[in-house]
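**Student:** Before I ask anything, here is the structure I am working with.
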Amino acid sequence: MTFYRVLLLLYPAAFRAQYGEEFCALFARRMHDASSRFAFTLLWLETLIDVPLTAAQIHWDILLQDLRYTRRVLRRSPGFAITAITVTALGIGATTAAYTVTDHVLLRPLPFPDSDRLVKLWEDMSPGNYKEMEPSPANYRDWKRMNKSFSAMVASTGLSVSMVGVGQPEQIEGASVTTDLFPMLGAQPLLGRLFVPEDDRPGATGNCSA
């Protein structure tokens, strides 16, 4: 009977409170009347199929009753209906936006091989009230030269430029990176070639900081 009572949890709470004991008594009587092992097995098979189907139907009926009641209430109070729909739409929109941001920032891995091994290094300038500060080029070169903890070390910084030509100028957001960034990330260009060490010097034709 314990398993049968667990099955009854599929029914709505109000339905269980009203008919639960009656169902248990009826099932106990049917178990007692089972004349053979086959009849006992058949009873359980019937119960395992009937209870989920009946519970789903009852949940559906209750949902339809709630929807009909809600529709009647909203028809009688159009102002309340508009307010309720607006608040619901705003809530759904805010929840969707929050989940989208959370999914892209916290849940989805970065689109690179071994992205969980990527770390960002900062220079600690706490005495100057800058706990996280980008290292100077000289410090970066020293870190890279003395590095024994990381398989690769690269540098990058944000870059914003204005593209002019025909029509209005456009603001282009990009980044200035060292040439070994893309090999470290395992990324390949869709067109053209990767940067080479010769590009990473002032005045180079393919300088990645240009």
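The numbers here are math on the coordinates, done by the rules we state, and not lab data. The structure presented is a predicted model; accordingly, all values stated were derived computationally and were not measured. Heads up, the Cβs are rebuilt from the backbone with ideal geometry, glycines too, and the neighbour counts pull from every protein chain shown.
**Student:** So what's the Cα pair-distance distribution over the stretch 116-199, bin width 5 Å, in %?
**Tutor:** In order of increasing distance, the bins hold 3, 10, 15, 20, 18, 14, 9, 6, 3, 1, 0 percent.
**Student:** Now, a different point. Rounded to the nearest angstrom and ordered from largest down, what semi-axes does the equivalent ellipsoid of the chain get from its C-alpha gyration tensor (root of 5λ)? Before the final figure, lay out the partial values.
**Tutor:** Numbers: eigenvalues 882, 172, 66 Å².
One finds semi-axes of 66, 29, 18 Å for the chain.
**Student:** Ordered by residue, what ³J(HN,Hα) values in Hz, to whole numbers, does the stretch 163-170 give under the Karplus form 6.51 cos²θ - 1.76 cosθ + 1.60, where θ = phi - 60° and Gly and Pro are x?
**Tutor:** 9, 10, x, 6, x, 6, x, 10
**Student:** Can you work out the Karplus-derived ³J(HN,Hα) for every residue in the stretch 24-40? Use 6.51 cos²θ - 1.76 cosθ + 1.60 with θ = phi - 60°, whole Hz, and x for glycine or proline.
**Tutor:** Each residue's phi maps through the Karplus curve to give 5, 5, 5, 5, 4, 5, 5, 5, 5, 7, 5, 8, 8, 4, 5, 5, 5 Hz.
**Student:** Of the beta bridges DSSP finds with both residues in the chain, what % are antiparallel, to the nearest 5?
**Tutor:** Numbers: 10 of 10 bridges.
Antiparallel: roughly 100 percent of the beta bridges in the chain.
**Student:** Taking the Cα atoms of the stretch 2-76, what is the range of coordinates along each of the three principal axes, in descending order and whole Å?
**Tutor:** In descending order, the Cα extents are 59, 20, 16 Å.
**Student:** Gain in length, MET125 to SER149, computed as 0.36 nm per residue apart minus the alpha-carbon separation, to one decimal in nm? Don't skip to the end; give the middle numbers.
**Tutor:** Values: separation 24, 0.36 × 24 = 8.64 nm, distance 2.15 nm.
That pair, MET125 and SER149, stretches by 6.5 nm at full extension.
**Student:** Amide H neighbours of THR178 under 5 Å, at least 5 residues apart or on other chains, H built in the peptide plane: list them.
**Tutor:** The answer is ALA155.
**Student:** Taking the Cα centre of the chain as origin and charging only Cβ (+1 Lys, Arg; -1 Asp, Glu), how large is the dipole, in debye to the nearest 20?
**Tutor:** Numbers: 20 positive and 21 negative charges, 160 e Å.
Rounded to the nearest 20 debye, it is 780 debye.
**Student:** Once fully extended, how much extra length lies between HIS32 and ALA13, figured as 0.36 nm per residue of separation less the alpha-carbon to alpha-carbon distance? Could you put the intermediate results ahead of the total?
**Tutor:** Values: separation 19, 0.36 × 19 = 6.84 nm, distance 2.71 nm.
Working it through step by step, the gained length comes to 4.1 nm.
**Student:** So how tilted is helix 137-146 from the main axis of the chain? Cα-based, degrees 0 to 90, rounded to 10.
**Tutor:** Its long axis makes an angle of about 70 degrees.
**Student:** With a cut-off of at most 12 other beta carbons within 10 Å, and DSSP calling the residue loop, which chymotrypsin sites (Phe, Trp or Tyr not before Pro) in the stretch 108-149 qualify? Please list them. Don't jump to the answer; show the numbers that get you there.
**Tutor:** Numbers: sites: TRP122, TYR130, TYR140, TRP143; in loops: TRP122.
Sparse-neighbourhood loop chymotrypsin sites (Phe, Trp or Tyr not before Pro): TRP122.
**Student:** Mind listing the phi-derived Karplus ³J(HN,Hα) values for the stretch 86-98, rounded to whole Hz, using 6.51, -1.76 and 1.60 with θ = phi - 60°, and x for any glycine or proline?
**Tutor:** After applying 6.51 cos²θ - 1.76 cosθ + 1.60, I find 5, 4, 4, 5, 5, x, 5, x, 5, 5, 4, 5, 5 Hz.
**Student:** Go ahead and collect, in residue order, the members of the stretch 108-129 whose backbone nitrogen is under 16 Å from a label point 7 Å along the Cα-Cβ direction of LEU194.
**Tutor:** What the label zone holds, given the 16 Å backbone N cut-off, is 112-115.
**Student:** Sticking with this structure for a sec: Of SER126, PHE195, GLY91, which is farthest on the positive side of the dipole of the stretch 70-210, counting Cα position, with +1 on Lys and Arg Cβ, -1 on Asp and Glu Cβ, and the Cα centre as origin?
**Tutor:** GLY91
**Student:** List the trypsin sites (Lys or Arg not before Pro) within the stretch 119-175 that DSSP assigns to loop and that have no more than 12 neighbouring Cβ atoms inside 10 Å.
**Tutor:** On the way: sites: LYS120, LYS131, ARG141, LYS144, ARG145, LYS148; in loops: LYS120, LYS148.
When the trypsin sites (Lys or Arg not before Pro) of the stretch 119-175 are filtered for loop state and at most 12 Cβ neighbours within 10 Å, LYS120, LYS148 remain.
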